[in-house]
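Written out below as structure tokens is the structure these notes cover.
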Amino acid sequence: MSGSLRTDAIVLRSLRYGEADRILHLFTPRHGRLGAIAKGVRRARSRFGARLEPFFHVRMILHQGRGELLTVTSVDTIATNGALRERGETLDAAARACDAVSRLFETSEPHPEVFTLLVSELTLLQADASQAGPDNGLAFRLKLLLAAGIVPQLSACVVCGETEDLRGFSSAAGGVVCASCQTAAFVLEEESYRFLVAALGSPLAQAPRASPRALRQVERAIAETAEHHANVRLRPLLR
Ligand SMILES: [Zn+2]
């Protein structure tokens, strides 16, 4: 990458820097996660300071200079996702979604499907605060695992191939295990299993719902998978 780059981006984080600048963590379709600096944006007359808050969907021109950070030279707003910030639960859910993307996709490798997924998640949270619960958050994370190429195998026991009696989950083995292969796995109940399958098979807006007990098992399966296969620790969703 050299010269100027025109791209859509979601602002993942926006950090104050020096007197009037901001350092931005951006997620883009073709260039993955990028770091950029926006100079002078905290001055009152800045042209685009207000457009560089977290969760903004923007179209920007970035200039590649000598340093590691790109410099923001122009910004157009596509969506502010402003309603997200009005409620604690949607703000928190959006921050966790951005954080999970940031941790699982930290390089400049292209992931247009992850960009689209993040845009959908923010749009959904923006439109419907009832989507801010852990059901949606876990469905989103599962789809991120799929995009990262580390989604757990759910169709058959990862050890022996058995398709009945799937009762456990082993992140080391990479998916569900049957009753006879259950050593070194934790118990994954029927409801949790059904949630995993349904969440992967449906759009985010129709993410399945499940009991807190099942969601805790699902969260454990996702967290252990991310840790084991991507060396990434995701922030807990349930407490
Ligand atoms: Zn088995």
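The values are calculated or read from the model by the stated rules, or taken from the named source; none is laboratory data. Remember, it's a predicted structure, so these values are computed and weren't measured experimentally. Positions of Cβ are generated from backbone atoms using ideal geometry, with glycine treated the same way; all protein chains shown enter the neighbour counts.
I need the full set of residues from region 134-184 which are near the ligand (Cβ under 8 Å from one of its atoms), assigned to a loop (DSSP other than H, G, I, E, B) and of a type in the set (Val, Ile, Thr), in order please.
Correct list: Val158, Val159.
What about Phe195, is it assigned to a strand (DSSP E or B) and either crowded, with 16+ Cβ neighbours inside 10 Å or within 16 Å of the ligand (Cβ to nearest atom) (or both)?
No; evaluated as a whole, the condition is false for this residue.
For region 1-44, give me the residue count where each residue is within 21 Å of Arg85 (Cβ to Cβ) and in contact with a Leu (Cβ under 9 Å, 6 or more places away or on another chain).
Final tally of qualifying residues: 15.
I'm trying to understand the selection: among the residues of region 105-119, which are touching a residue at least 40 places away in the same chain (Cβ under 8 Å) and closer than 14 Å to Pro203 by Cα?
Scanning region 105-119 gives Val114, Thr116, Leu117, Leu118, Val119.
Among the numbered conditions (1) in contact with a Leu (Cβ under 8 Å, 6 or more places away or on another chain); (2) modelled with pLDDT of 95 or more, tell me where Ser108 comes up short.
(2)
Within region 79-91, count every residue that is surrounded by fewer than 16 Cβ atoms within 10 Å (Cβ to Cβ) and either touching a residue at least 60 places away in the same chain (Cβ under 8 Å) or not aliphatic (A, V, I, L, M) (or both).
Qualifying residue count, region 79-91: 6.
Kindly indicate whether Glu121 is at negative phi and either part of a loop (DSSP other than H, G, I, E, B) or aromatic (Phe, Trp, Tyr) (or both).
Here the answer is no, as Glu121 does not meet what is asked.
Give the residues of region 149-170 that are surrounded by fewer than 21 Cβ atoms within 10 Å (Cβ to Cβ) and either touching a residue at least 60 places away in the same chain (Cβ under 8 Å) or touching a helix residue (DSSP H, G or I) at 6+ places or on another chain (Cβ under 7 Å) (or both), sorted by residue number.
Ile150, Val151, Leu154, Val159, Cys160, Asp165, Arg167
Taking region 214-236, which residues are of a type in the set (Lys, Arg) and in a helix (DSSP H, G or I)?
Of everything in region 214-236, those that are of a type in the set (Lys, Arg) and in a helix (DSSP H, G or I) turn out to be Arg216, Arg220.
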